[in-house]
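Student: Please see the structure below; I have some questions.
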Amino acid sequence: MVTQAGAARRSRSKFELYMWFFTRVSGIFMMLMGAYSIIYANLMGGRGVMDAGAQTRWAFFPISFHVSSTKVELTPNFQNPFWQFYSLLLFAFAATHGANGIRVILKDYVRHPVLLAWLNAMVFVLWLAVMGAAVYLIFAAQGA
Amino acid sequence: MSRSARVSIPQALAYRGGQPMLAWLLHRIAGIGIVLFVGMHVFAGFFLYAIPGGTANTIANALTSFYESRPVQVFVLFAVLYHGLNGLRIVVLDMWPSLHRYHREAMWVQWAVFLPIFLIPAFLIALGVKVG
């Protein structure tokens, strides 16, 4: 009994350690990937035709229809598997980073363990749903 | 772990944590804001493209025009930039703990970097300046 509880606590703290590490790594990766998106979009003809809002939006989701009003030549430069995978990776980092953050905040404020478990389950379902939406938008809604 | 801490709202408001408390609070508000607004925007985009027409589209259109309104754009810009830069400061101080001697200076450096790269695009977005 005691060893089981100890093992559960150990694996729990391992999970916390992994999520702590993931939060740091994904945060740094999101910044680098966002910077690369902006630089590449500007090199590919966005310079002078993208307004400030389009520049900032492009950082997060560099995929064809996101900033269709900016006159960047999308078809050869961004509608390809590399940028689809890039967007999916960036989005997966962001969604997981955010869902984990909400989990930590809930743990701070929700004292009732059963309510906390339900809320965590809801966060997990929302994470799955938003990942599904992103997969659809990246891979299926092309050219829509 | 605040599981055992019971702090009343007046007590919480009277707590004067200064700069570190402000950074923690803004980090948390910005994080929740990004999850709310960007998550909502992704779902709205999904409904716009996946279900052409129908009642879901009206809601998705309303959410999209809300997201694209200037105050929300400026807030999302603030949230993303502040959360990113503050997170970078935390990562750097965690990575090199000896730098904790200068943690106050690090906050001022953070503001010095944050304010120009937030305010210039924020003004351009708020004034609706178009290029090209």
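Student: In what order do B:46, B:78 fall by count of nearby beta-carbon atoms within 10 Å, going from fewest to most?
Tutor: Listed from fewest to most nearby Cβ atoms, that is B:78, B:46.
Student: Here is a follow-up. Using packing as a proxy for protection, rank A:52-61, B:84-93 so that the peptide with the highest average count of other Cβ atoms within 10 Å comes first.
Tutor: A:52-61, B:84-93
Student: Give me the distance between the Cα centres of the stretch A:6-56 and the stretch B:47-110, rounded to whole Å.
Tutor: Taking the Cα centre of the stretch B:47-110 as reference, the centre of the stretch A:6-56 is 11 Å away.
Student: Here's something else I'd like to know. Read phi for every residue in the stretch B:89-101 and hand back ³J(HN,Hα) as whole Hz from Karplus 6.51 cos²θ - 1.76 cosθ + 1.60, θ = phi - 60°, with x for Gly and Pro.
Tutor: Each residue of the stretch B:89-101 in turn: 4, 4, 4, 5, 5, 6, 6, 10, x, 5, 6, 4, 4 Hz.
Student: Quick check for me: using +1 on Lys/Arg Cβ and -1 on Asp/Glu Cβ, what's the dipole size of the stretch A:24-140 about its Cα centre, in debye to the nearest 20?
Tutor: 260
Student: Under the definition of Cα pairs under 8 Å and six or more residues apart, what whole-number percent is the relative contact order of the stretch B:18-127?
Tutor: 31
Student: Next up: Using θ = phi - 60° and the Karplus form 6.51 cos²θ - 1.76 cosθ + 1.60, what ³J(HN,Hα) does each residue of the stretch B:74-85 get, whole Hz, x for Gly and Pro?
Tutor: Karplus values, whole Hz, x for Gly and Pro: 5, 5, 4, 4, 4, 4, 5, 5, 5, 4, x, 5.
Student: How much FRET efficiency would the formula 1/(1 + (r/R0)^6) give for residue A:43 and residue B:94, where r is the Cβ-Cβ distance and R0 is 45 Å, rounded to 0.05?
Tutor: My answer for the efficiency is 0.85.
Student: Quick check on the exposure proxy: order A:20, A:127 from fewest to most C-beta atoms within 10 angstrom.
Tutor: Going from least to most buried by this count: A:20, A:127.
Student: May I ask you to evaluate 6.51 cos²θ - 1.76 cosθ + 1.60, the Karplus curve with θ = phi - 60°, for each residue of the stretch A:80-95 and list the ³J(HN,Hα) values in order in whole Hz, giving x for glycine and proline?
Tutor: 9, x, 4, 6, 5, 5, 4, 5, 5, 5, 4, 5, 5, 4, 5, 5
Student: Looking at B:119, B:49, B:19, which one has the Cα that reaches farthest to the positive end of the dipole of chain B (charges on Cβ: Lys, Arg +1; Asp, Glu -1)?
Tutor: About the Cα centre, the residue reaching furthest to the positive side is B:19.
Student: I would also like to ask the following. Which residue, B:72, B:82, B:40, has the largest displacement toward the positive end of the dipole of the stretch B:18-127 when charges sit on each Cβ (Lys, Arg +1; Asp, Glu -1)?
Tutor: With unit charges placed on the Cβ atoms, the residue in question is B:82.
Student: If you don't mind, another one. At 222 nm, what helix-only mean residue ellipticity would the protein assembly as shown give, in deg cm²/dmol to the nearest 500, using -39500 (n - 2.57) for each DSSP H run of four or more?
Tutor: Counting only the DSSP helices, I get -26000 deg cm²/dmol.
Student: Is the shape of the stretch A:24-140 best called rounded, prolate or oblate, per the rule: a/c under 1.5 gives rounded, else a/b larger than b/c gives prolate, else oblate, with a ≥ b ≥ c the square roots of the Cα gyration tensor eigenvalues?
Tutor: Judged from the Cα gyration tensor, the stretch A:24-140 comes out prolate (a/c at least 1.5, a/b above b/c).
Just so you know, all these numbers are worked out from the coordinates, no wet-lab data involved. Note that the coordinates shown come from a computational prediction; the quantities given were computed from them, not determined experimentally. Methodologically, a virtual Cβ is constructed for each residue, glycine included, from the backbone with ideal geometry; neighbour enumeration extends over all protein chains shown.
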